[in-house]
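The next block holds one structure in the form of structure tokens; read it before the comments.
The values are calculated or read from the model by the stated rules, or taken from the named source; none is laboratory data. These numbers come from a predicted model, not from an experiment. Methodologically, a virtual Cβ is constructed for each residue, glycine included, from the backbone with ideal geometry; neighbour enumeration extends over all protein chains shown. Please note that ligands, DNA and RNA were not included when accessible areas were found on the heavy atoms of the full protein model with its side chains. Shrake-Rupley method; radii C 1.70, N 1.55, O 1.52, S 1.80 Å.
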Amino acid sequence: MKKKFIIDNGCKLCDACYWACPQKAIYVENDQCHIDQEKCINCGICYQNCANEAISIYEIKK
Ligand code: SF4
Ligand code: SF4
């Protein structure tokens, strides 16, 4: 099962995930961070670095 990481509206714009992401896949829009799924390699580093539990993991079939 493939994982997908999504930032929800609990984001406090602390930028921890932005600096931690090895792919530079995180960008800011509408006062919160988002993950560019085209760049994301699903490594989970952003998830581990978010102190606000604003990043969720979804499992997708394929
Ligand atoms: S680490 Fe969490 S709270 Fe901080 S900018 Fe990223 S998603 Fe938002
Ligand atoms: S899962 Fe990894 S590659 Fe994807 S946004 Fe988070 S830190 Fe970046």
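What the table below lists for this structure:
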read-out: Accessible area of the chain belonging to carbon and sulfur atoms, whole % at 1.4 Å probe; value: 47
read-out: Gaussian network model of the chain, Cα within-10 Å springs - most flexible of 43, 21, 33; value: 43
read-out: Amide H within-cut-off set for residue 3, under 5 Å, with H built and near neighbours excluded; value: 60
read-out: Sparsely packed trypsin sites (Lys or Arg not before Pro) within region 1-57, loop by DSSP, other Cβ within 10 Å at most 14; value: 12, 24, 39
read-out: Volume in Å³ per residue [convex hull over Cα atoms, computed for the chain]; value: 78
read-out: Top of 42, 30, 52 by mean-square fluctuation, Gaussian network on the chain, Cα under 10 Å; value: 30
read-out: For the chain: relative contact order, % (alpha-carbon pairs under 8 angstrom, 6 or more apart); value: 51
